[in-house]
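K.L.:
Shown below is the structure under consideration.
The values are calculated or read from the model by the stated rules, or taken from the named source; none is laboratory data. In this text the structure is predicted, and so the values were computed from the model without any measurement. We place every Cβ from the backbone using ideal geometry, glycine too, and count neighbours over all the protein chains shown.
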Amino acid sequence: MKKGIYILPNGLTLIGMFAGFYAIVMAINGNYVLASWAVIVAIVFDSLDGFVARLTGSATRFGIELDSLSDLVAFGVAPAVIIYLSSIRSFGRPGWVAAFMFVACGALRLARFNVQMVTTEKRYFMGVPIPAAAFVLVSLIIFANERGLDSDGSLFVLILTFALALLMVSTLRYHGAKEINFTKRKPFWLLVAIVLVLVIIAIHPQIALFSFAIIYIAVGIIENIYLFMRRRKEKSHEAH
């Protein structure tokens, strides 16, 4: 700390934390859609701070710890407050237990990630990343509002909150942007795919964002089932 800190990546982290805190305030005021968009803004800045830190070589232990604290506020507490007040409060105890479980599992997920960064380097994520889990919940609120659906008292939302909490602390393999090395040449089709995704989001962001969130979770589960079946098949062949 005597040597100072890097302003740019840590400043982006603090902006993300501010967006998360703003989401909590908006949720308390009953503006759940604006609160959900604030969490998405926090996700954007969370992606930027890591990208900038790697690009400029300014990643530090201080930045990692600050990023984790910011993530817990923006992607743990904020989505839990939003989903509890907007959708599952009417369930009583199961509602607030689900919200707390989401926060607690998010904290455990972040702690495990920080430990793994020191002990082992993996390109993929173990368990659903907390920003992705938060994205599913807030995009659901935005989607429901766009379609005129009332999520209050929804059993689906309650089950989804529990499921996302468990997926965060699972050992399932999930992929992320850090697997892409932006300093190397990539196939042309990847750029086309990025453009198509942006076009789809621009046409109908409320539906597109929720669809992409669900697809990400579903593809991860399907991939892990495939990997499990393949490993099981290989072991059976080795046994024979």
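K.L.:
Which condition number does Ser90 fail, the rest of (1) modelled with pLDDT of 95 or more; (2) among the small types (Gly, Ala, Ser); (3) closer than 23 Å to Ser151 by Cα being met?
P.N.:
(1)
K.L.:
Could you please find all residues in region 1-39 being at pLDDT below 90, of a type in the set (A, V, I, L, M, F, W, C) and in a helix (DSSP H, G or I)?
P.N.:
Within region 1-39, Ile7, Leu8 meet the criteria.
K.L.:
Looking at region 91-110 only, could you name the residues that are under 19 Å from the mean Cα position of the chain (by Cα) and without any contact (Cβ under 8 Å) to a residue 40 or more places away in the chain?
P.N.:
Phe100, Val103, Ala107, listed by residue number.
K.L.:
Hey, another quick one. List pairs: first in region 131-142 and closer than 17 Å to Ile88 by Cβ, second among the basic types (Lys, Arg) and modelled with pLDDT under 95, Cβ under 9 Å, 6+ apart or cross-chain?
P.N.:
Ala133/Arg109
K.L.:
Follow-up. Quick one: in region 190-240, which of the residues that are surrounded by 15 or more Cβ atoms within 10 Å (Cβ to Cβ) and polar (S, T, N, Q) is nearest to the chain's Cα centre (by Cα)?
P.N.:
By that ranking, first place goes to Ser211.
K.L.:
Moving to a separate point now. Of Ile24, Ile88, Ile43, which residue is over 14 Å from the mean Cα position of the chain (by Cα), more than 17 Å from Phe162 (Cα to Cα) and aliphatic (A, V, I, L, M)?
P.N.:
Ile24
K.L.:
How many of the residues making up region 167-189 are part of a helix (DSSP H, G or I), of a type outside the set (D, E, K, R) and either surrounded by 15 or more Cβ atoms within 10 Å (Cβ to Cβ) or at pLDDT below 70 (or both)?
P.N.:
The total comes to 3.
K.L.:
Next up: So in region 105-161, with the set limited to residues that are loosely packed, with under 15 Cβ neighbours inside 10 Å and β-branched (Val, Ile, Thr), which one is modelled with the highest pLDDT?
P.N.:
Ile159
K.L.:
Another question about this same structure. Give all pairs with beta carbons closer than 7 Å in which a residue from region 47-60 that is in a helix (DSSP H, G or I) meets a residue that is modelled with pLDDT under 75 and surrounded by fewer than 17 Cβ atoms within 10 Å (Cβ to Cβ); count only pairs at least 6 apart in sequence or on separate chains.
P.N.:
As it stands, the answer is Ser47/Ala177, since those pairs meet every condition given.
K.L.:
Something else: Mind listing whichever residues of region 22-43 are touching a residue at least 24 places away in the same chain (Cβ under 8 Å) and surrounded by fewer than 17 Cβ atoms within 10 Å (Cβ to Cβ)?
P.N.:
Those that are touching a residue at least 24 places away in the same chain (Cβ under 8 Å) and surrounded by fewer than 17 Cβ atoms within 10 Å (Cβ to Cβ): Ile28, Gly30.
K.L.:
Could you list, in sequence order, the residues of region 44-57 that are crowded, with 16+ Cβ neighbours inside 10 Å and modelled with pLDDT under 85?
P.N.:
Within region 44-57, Asp49, Gly50, Val52, Ala53 qualify.
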